[in-house]
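First the structure, in the form of structure tokens, and then the observations on it.
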Amino acid sequence: MESEILIVDDDKEIRNLISVFLENEGFQTKQAEDGFEALELLDAINFDLIILDIMMPKMDGMEVCMKIRQERSMPILMLSAKSEDMDKIQGLAMGADDYLTKPFNALELIARVKSQLRRYKKYNPDANQGKHIIVIGDLTINTDTRQTMVGDKEVRLTPKEFDILELLARNKGIVLSVSKIYEAVWKEGFFKSDNNVMVHITKIRDKIEEDSKHPIYIKTVWGVGYKI
């Protein structure tokens with residue numbers, strides 16, 4: 001399974017650039033524009049490594065790093081326009097594993113990411129375990145056994161229903177359009193007249209929601225699509 005990396009930076013161009021570098025090397029990436037979004041994604045996905053900018057609005061990288069370290073041990077590579085030694089020391093003291101100053105060389109970034117991942121997986125043999133379990137509230141999704149639980153009760157989903165739920169769960173907080181869901185699950189082009197996704201979402205809600213008319217998990221974003 002490819003390593004999954006979270007890129008946290010308030011600069012969209014930098015996020016996209018890092019994402020391109022890493023995905024060209026075979027990594028999977030997700031992006032967050034601030035610390036709050038990053039922490040929400042961390043509740044939904046077990047990332048292998050985090051690339052974290054220090055200077056961000058709302059919650060800076062130092063605070064995000066401290067909050068991550070309260071529960072998680074994956075490598076954190078900090079990015080900053082600052083180059084002073086004290087800033088590096090502070091970042092490492094907060095729990096970061098490495099530090100790279102902007103502007104950075106793409107090859108150096110990739111080399112540091114690979115180095116941190118090798119070290120982490122060598123000394124943490126269980127690092128890859130648990131990536132197949134997604135927990136959102138009382139909803140638990142096991143992507144290995146393709147089982148879905150709501151509390152202590154197992155819910156029987158069809159293969160397509162499970163694929164849709166897994167897709168939404170892996171992208172918690174992100175609105176996915178009907179066409180994007182269809183193309184990801186059915187592996188073919190989407191036609192506007194096709195209501196397959198809507199029908200399957202209705203069936204999933206009937207099975208996992210206490211009140212399908214007032215869903216807790218799968219929300220409709222009118223005119224756009226669906227999200228968890």
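Sort out which residues of the stretch 14-39 are of a type outside the set (A, V, I, L, M, F, W, C), assigned to a helix (DSSP H, G or I) and surrounded by 15 or more Cβ atoms within 10 Å (Cβ to Cβ), and write them in order of number. Answer for the stretch 14-39, where residues must be of a type outside the set (A, V, I, L, M, F, W, C), assigned to a helix (DSSP H, G or I) and surrounded by 15 or more Cβ atoms within 10 Å (Cβ to Cβ): ARG15, SER19, GLY35, GLU37.
Tell me which residues, restricted to the stretch 67-109, are over 26 Å from PHE21 (Cα atoms) and either at pLDDT 90 or above or surrounded by 15 or more Cβ atoms within 10 Å (Cβ to Cβ) (or both). Within the stretch 67-109, LYS67, GLN90, MET94 meet the criteria.
How many residues are of a type outside the set (Val, Ile, Thr) and either in a helix (DSSP H, G or I) or within 10 Å of the chain's Cα centre (by Cα) (or both) if we restrict to the stretch 49-64?
Within the stretch 49-64, residues that are of a type outside the set (Val, Ile, Thr) and either in a helix (DSSP H, G or I) or within 10 Å of the chain's Cα centre (by Cα) (or both) number 3.
Inside the stretch 186-228, can you point out the residues that are surrounded by fewer than 16 Cβ atoms within 10 Å (Cβ to Cβ), assigned to a strand (DSSP E or B) and basic (Lys, Arg)? Passing the criteria: only LYS219. Inside the stretch 142-178, residues that are over 21 Å from LYS30 (Cα atoms) and not in a loop (DSSP other than H, G, I, E, B) make up a count of 11.
The values are calculated or read from the model by the stated rules, or taken from the named source; none is laboratory data. Remember, it's a predicted structure, so these values are computed and weren't measured experimentally. FYI the Cβ positions are ideal-geometry reconstructions off the backbone, even for glycines, and counts take in every protein chain you see.
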